[in-house]
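Q: The structure follows.
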Amino acid sequence: MLSILVCHSYYLRLDQKQVLRAKPYPPLATLQVVALLRKAGHRVRFFDAMLADGIDEYENLLQTDRPQLVVFYEDNFNFLSKMCLGAMRRAACDMMAFARRSGARVIAAGPDVTDAPFPYLRAGADLTLAGEGISALLAVVLRLDASPAAKIPALVHGLHGVASLGGGKVMNGAGSRDPAVSQEVGLAAWDLVDMERYRAMWIKTHGYFSLNMAASRGCPFRCTWCAKPIWGNQYLQRDATEVALEMAYLKRTFNPDHIWFADDIFGFRVDWVAQFSAAAQAADAKIPFSIQTRADLISERMAQALRDSGCQEAWIGAESGSQRVLDSMNKGTTVAEIRTARERLKAVGIRVGFFIQLGYMDEQLSDIVATWELLDSARPDEIGVSVSYPLPGTKFYELVKAQLGRKTHWQESDDLEMMFHGTYTSDFYRRVRNFLHDQVALQTVAAAEGGEQRAARSSLDQRWRSLLACEHQFRSPSRQTAATG
């Protein structure tokens, strides 16, 4: 059978924000593909870039193992992979070039590969796969197994979602369309993970060890800025008992203290969460976990069901305290729902984080102030702040692509550079980001404010007002021109 090396290109060391955050997770989607290929009978090795010291580790493995095929399959559950960071693209292309020099065939798949196959094909990939690409991958591997030296036309014949280079241009396969989402993925190849390497970083930095799972794939909502190159608007939920049994396996085998559910939306329906809770209880599988969800899904019953199932923390895509901005994003939620969701989760003892997005199209100072006021009233336990990031395939991208310059991707996750003509400069949004983090940090220091904390809050409010007073100095050049023209 074909000898295969499966890998990904997200090196934690190339993203300084994530180095400091020190919350690495094994590449779940990559490990699921490893498991599928092993099940098909292939000899599969795995290279995990996440905690690797550098590309040298990959090159050494490649030279030692000499695989016939190298599959680059990015972790589609990792939101950092979905950001298509420039540093990771360069790493992937360097890895592919080395694989080709070593005589291996190369296949690439992932969010950035789907959006922009050309750089990967130019770097050395024989083929790139669009979307999840599992059915196409298995078909190509079967053909390579029968004929390792098969020409590209023979490998792609009749397959949809496969791209290759022809005459220096990207050639897309013209076969019948396969389902974008594979119906069966199965348990990841957890046995190939250097779990103690992950555990050591978590324990050293945070005092506990967390692992990742996914109970579903995709999201059916249609926010204008949300990139969905892998699953589109499909939402496929796993059987609740199956998820509980996987949690039981992780608990018995690796004994994590915490689970991060990487779903875009965990649970979705109250009855599913209740079934999962009962199954986890029956399997003695319960581990405290964190999720991502939407404000409009948090009914009182949902909050209670999440608590009963072991949910410790829920992250909500609040995005903005301005209803005008939420409507412009086609978010489908209201500011009132965000506040209510926070209250309901807090009432049952679940910590709440808000994802905040600054700089969306035509966001004005009043909208930013509304976000400040939302955080002041809702008092989330934690926040994550970003600026609007136009990625290919989104409605947002189509609306602003004429404004994009040479830079089309952030280099690291803390880049926060405005790549379209927003109201303010990148520096202004970074300052606002820092103020919002300081605001939430002060709110969570103590339940009762002492004199020192009141002084700190007074100082923060004064600095915030000073920034607002000089906001005109941070208006982007295009907006200044429009204002004076």
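The values are calculated or read from the model by the stated rules, or taken from the named source; none is laboratory data. Remember, it's a predicted structure, so these values are computed and weren't measured experimentally. Please note: Cβ atoms are built from the backbone with ideal geometry, for glycine as well, and neighbour counts cover all protein chains shown. These accessible areas exclude ligands, DNA and RNA; they are computed on the full protein's heavy atoms, side chains included. Shrake-Rupley method; radii C 1.70, N 1.55, O 1.52, S 1.80 Å.
Q: Mind checking which residues of the range 339-380 are crowded, with 20+ Cβ neighbours inside 10 Å, more than 23 Å from the chain's Cα centre (by Cα) and either modelled with pLDDT under 95 or assigned to a loop (DSSP other than H, G, I, E, B) (or both)?
A: If the condition is that a residue be crowded, with 20+ Cβ neighbours inside 10 Å, more than 23 Å from the chain's Cα centre (by Cα) and either modelled with pLDDT under 95 or assigned to a loop (DSSP other than H, G, I, E, B) (or both), then Glu363 is the only one that fits.
Q: Is there any pair with a first residue in the range 291-304 that is closer than 10 Å to Thr333 by Cβ and a second that is in a helix (DSSP H, G or I) and open to solvent by 10 Å² or more (accessible area, probe 1.4 Å) whose Cβ atoms are under 7 Å apart and which are 6 or more apart or on different chains, and what are they?
A: Close Cβ pairs (under 7 Å, with a partner that is in a helix (DSSP H, G or I) and open to solvent by 10 Å² or more (accessible area, probe 1.4 Å)) amount to Ala295/Glu337; Asp296/Glu337.
Q: Continuing with this model, one more query. Taking Trp260 as the residue in question, decide whether it is part of a loop (DSSP other than H, G, I, E, B) and among the hydrophobic types (A, V, I, L, M, F, W, C).
A: Here the answer is no, as Trp260 does not meet what is asked.
Q: Can you confirm whether Thr30 is among the hydroxyl-bearing types (Ser, Thr, Tyr), within 26 Å of Pro390 (Cα to Cα), open to solvent by less than 10 Å² (accessible area, probe 1.4 Å) and in a helix (DSSP H, G or I)?
A: yes
Q: Looking at the range 1-17 only, could you name the residues that are open to solvent by less than 10 Å² (accessible area, probe 1.4 Å) and more than 22 Å from Val34 (Cβ to Cβ)?
A: Result: Asp15, single match.
Q: From the list Thr224, Thr253, pick out the single residue that is open to solvent by 50 Å² or more (accessible area, probe 1.4 Å) and not in a strand (DSSP E or B).
A: Thr253
Q: Still on this structure, please answer the following. Among Val141, Val170, which is of a type in the set (Val, Ile, Thr) and open to solvent by 20 Å² or more (accessible area, probe 1.4 Å)?
A: Val170 is the lone residue from the list that is of a type in the set (Val, Ile, Thr) and open to solvent by 20 Å² or more (accessible area, probe 1.4 Å).
Q: Follow-up question, since we're still on this one. Which of (1) open to solvent by less than 20 Å² (accessible area, probe 1.4 Å); (2) more than 23 Å from the chain's Cα centre (by Cα); (3) more than 26 Å from Cys470 (Cβ to Cβ); (4) among the aliphatic types (A, V, I, L, M) is the odd one out, the single condition Ala336 does not satisfy?
A: Checking Ala336 against (1) open to solvent by less than 20 Å² (accessible area, probe 1.4 Å); (2) more than 23 Å from the chain's Cα centre (by Cα); (3) more than 26 Å from Cys470 (Cβ to Cβ); (4) among the aliphatic types (A, V, I, L, M), the one that fails is (1).
Q: Quick check: anything in the range 428-447 touching a residue at least 12 places away in the same chain (Cβ under 8 Å), over 26 Å from Tyr11 (Cα atoms), part of a loop (DSSP other than H, G, I, E, B) and among the hydrophobic types (A, V, I, L, M, F, W, C)?
A: No.
Q: May I pose another question? Exactly one condition in (1) open to solvent by less than 40 Å² (accessible area, probe 1.4 Å); (2) assigned to a loop (DSSP other than H, G, I, E, B); (3) of a type outside the set (Val, Ile, Thr); (4) out of contact with any Cys (no Cβ under 9 Å at 6 or more places or on another chain) is false for Pro392; which is it?
A: (4)
Q: Determine if the range 194-202 includes at least one residue that is surrounded by 14 or more Cβ atoms within 10 Å (Cβ to Cβ), of a type in the set (Ser, Thr, Tyr) and farther than 27 Å from Gly317 by Cα.
A: Looking through the range 194-202, at least one residue is surrounded by 14 or more Cβ atoms within 10 Å (Cβ to Cβ), of a type in the set (Ser, Thr, Tyr) and farther than 27 Å from Gly317 by Cα.
Q: Working only within the range 93-108, note down all residues that are open to solvent by less than 50 Å² (accessible area, probe 1.4 Å) and either over 18 Å from His409 (Cβ atoms) or in contact with a Cys (Cβ under 9 Å, 6 or more places away or on another chain) (or both).
A: Residues satisfying the conditions are Met95, Ala97, Phe98, Ala99, Ser102, Ala104, Arg105, Val106, Ile107.
Q: May I pose another question? Please go through the range 206-218 and pick out each residue that is open to solvent by 20 Å² or more (accessible area, probe 1.4 Å) and either in a loop (DSSP other than H, G, I, E, B) or under 21 Å from Ala295 (Cα atoms) (or both).
A: Gly207, Tyr208, Arg217
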